[in-house]
Structures are given as C-alpha cells and as structure tokens.
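S.K.: Below is a structure I'd like to ask you about.
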Amino acid sequence: MKLKYDNRSWHAWISVVLALPILIVAVTAIFIAHTNALGLKETEITPYVGWLPGYGEEAMKMQRMDVQTALTTRDGSQWIGTKAGLYRVSGGQAQQVEALGGAHVRDLVETPVGLVAVARNGVWLRQGQSWEKILKGDAWSGNVGPDGRLAVTVKDRGVLVTADGRNWQTDTGVNQMLATLPGSVAQPKPVTLGNLVLDLHTGKAFFGKEWEWIWIDLIGVVMAFLGVTGVVMWWRGERRKRELEARLAAAEGQPATL
C-alpha cells in the first residue's frame, strides 16, 4: 500500500496543532506586560493550578526544597523562606504559613515592629500570630538600620524605608551616594549585543522600558488574531471539502461519508 503525501494537508494540520500554543504565548505576553497594573503577582490561585505538570506535587516539593533564606528570631522561633512559600519549624516539623500562600520568599528580617517576610508578592509583617501585607510590589531584600527603620528594595521603585511598617518613603540617600561613585548607575550603561537582541524582542529598543508594553500588546494581538483566524479558515475549508465530497458522492449515486 502506497502512502499518499499531501504537503498542504500536513501544513494545515501542523498549523492547527500549533495554534493553541501560539495563542497561549500571545495572550500571556499581553498579561506579562501589564503584570503590575493588573496586580497579577498578588493574586493567589494555588488551589486551581495543581492539574498542571509544572505545579504538581513533585514540582512543588522541589521548590519547597529550594531554600532562599532562614532565620531564628530572638524568641527562638525558626523560619524558612523558599520559592514555594514561608515555613515555620515547630517540633521538628515545617508548617507552611497559609497567609503568604506559595509566594517566593527572598528574605526574612526581625524588626522592632515584628517579623518581616520580603517576598515576590510584597512585604509581609507578623504581629502576634497574624500576617499582614504592608507593601505591594516585587520585593527583593530587607534590613534594619541603626535607627531601627526597615529598608527594603522593590523592583522598579528602589529602596523604600519605614519606621512603623505602614508609612513608606523613598530612600533618596542611596541614589545620591551611588551618583558620587566612579562608574555609578548615573553613568550610561554599556549596551551589549545581547542587550540589543533582548530589547528588540521586548520592544524596549523602540519605545523605552515604560512604553514597551505597546510593542508587546501589538505583537500579542497579531499572534492571537492569526492563530484564531487560521483555525477558523481551516475549519471552514474542511467543511467545504466535506460538502463537496457529499455532492460528488450524491451525483455518482454513492453514499457520502460525513
């Protein structure tokens, strides 16, 4: 039996199969561009993603083992921050702090106002037995200065300081000090070929960091449009082909295969 190779048919089927991944990439690219505006990093959806292989029990177990920080407070409490959440060690057992969910905890700091967890979804403060988010944003590290104030670094916002965990101010002194250093951040950053390739990909080279979302949205919408319309065109073509076969079969007096 000789197999018949139809180049156009293979092309059509491959295009349909790849339409869903292309649509996912396109739509998620738009959401990534507006992560901060939509508050995506603060939206907890852990109970709904367990069916995905990347969020299965084994994958989450590996993330819990990826310890980012650990702290023993003055009262003897032991805390462990991981990529999959914050844990308190008690009686030889690690118990997850449910208030933070599976947030990526990068740093733990004991302050005069309570224990602070610096996480990807914000800065959290523990007073008594409860946890409360006291600052939104993608936070990286924290420390307590000689004056007792807490200072944390937040993506796109720099260093922020607070004395009470409620009122935050930008630490302008850090930028002033950096500006006085040789080769400081105030100096133009050298552009490598790798930087150019990445910035062309994200649109930063055309619109700058603040407006690169325009490029991402444009490409995302175009990819989503091509993916959806491609599937629609294929479906219509298949339907017309079946209708034509049915008419030809009817004309020849043979039963059509639908």
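S.K.: Give all pairs with beta carbons closer than 9 Å in which a residue from the range 32-48 that is on the phi > 0 side of the Ramachandran plot meets a residue that is at pLDDT 80 or above and surrounded by 13 or more Cβ atoms within 10 Å (Cβ to Cβ); count only pairs at least 6 apart in sequence or on separate chains.
M.R.: Close Cβ pairs satisfying both conditions: Gly39/Lys136.
S.K.: Report, ordered by the first and then the second residue, all pairs with beta carbons closer than 7 Å, sequence separation of six or more or different chains, a first member in the range 137-150 that is free of Cβ contacts under 8 Å to residues at least 40 places away in the same chain and surrounded by 14 or more Cβ atoms within 10 Å (Cβ to Cβ), and a second member that is in a loop (DSSP other than H, G, I, E, B) and not basic (Lys, Arg).
M.R.: Once the first residue is free of Cβ contacts under 8 Å to residues at least 40 places away in the same chain and surrounded by 14 or more Cβ atoms within 10 Å (Cβ to Cβ) and sits in the range 137-150, its partners that are in a loop (DSSP other than H, G, I, E, B) and not basic (Lys, Arg) give Arg149/Ala163.
A quick yes/no check of all residues on (1) farther than 21 Å from Val25 by Cα; (2) within 33 Å of the chain's Cα centre (by Cα); (3) of a type in the set (Ser, Thr, Tyr):
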| position | (1), (2), (3) |
| --- | --- |
| Thr202 | no, yes, yes |
| Glu212 | no, yes, no |
| Trp215 | no, yes, no |
| Thr229 | no, yes, yes |
| Val232 | no, yes, no |
| Trp235 | yes, no, no |
| Glu245 | yes, no, no |
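S.K.: For residues in the range 223-245 being at pLDDT below 85 and among the small types (Gly, Ala, Ser), which is farthest from Leu18 (Cα to Cα)?
M.R.: Among them, the one singled out is Gly237.
S.K.: Also: Go through the residues of the range 169-184 one by one and say whether even a single one is at pLDDT 85 or above and part of a strand (DSSP E or B).
M.R.: Within the range 169-184, one or more residues are at pLDDT 85 or above and part of a strand (DSSP E or B).
S.K.: Quick check on the range 114-127. Is at least one of its residues assigned to a loop (DSSP other than H, G, I, E, B), out of contact with any Ser or Thr (no Cβ under 9 Å at 6 or more places or on another chain) and not charged (D, E, K, R)? Explain how you work it out, then say what you get.
M.R.: Going residue by residue through the range 114-127, those that are assigned to a loop (DSSP other than H, G, I, E, B) are 120-121.
After this cut, where a residue has to be out of contact with any Ser or Thr (no Cβ under 9 Å at 6 or more places or on another chain) as well, the list is 120.
Among the residues that remain, those that are also not charged (D, E, K, R) are: none.
Among the residues of the range 114-127, not one is assigned to a loop (DSSP other than H, G, I, E, B), out of contact with any Ser or Thr (no Cβ under 9 Å at 6 or more places or on another chain) and not charged (D, E, K, R), which makes the answer no.
S.K.: Are there any helices (runs of 4 or more DSSP H) wholly within the range 192-258 with 2 or more residues that are within 18 Å of Ala33 (Cα to Cα) and in contact (Cβ under 8 Å) with a residue 60 or more places away in the chain, and if so which? Full working, then the answer.
M.R.: Working: elements: 193-202, 204-211, 213-251.
Counting at least 2 such residues, we get 213-251.
The values are calculated or read from the model by the stated rules, or taken from the named source; none is laboratory data. Keep in mind that what you see is a predicted model, and the values were worked out from it rather than measured. Neighbour counts run over all protein chains shown; Cβ positions are idealised from the backbone, glycine included.
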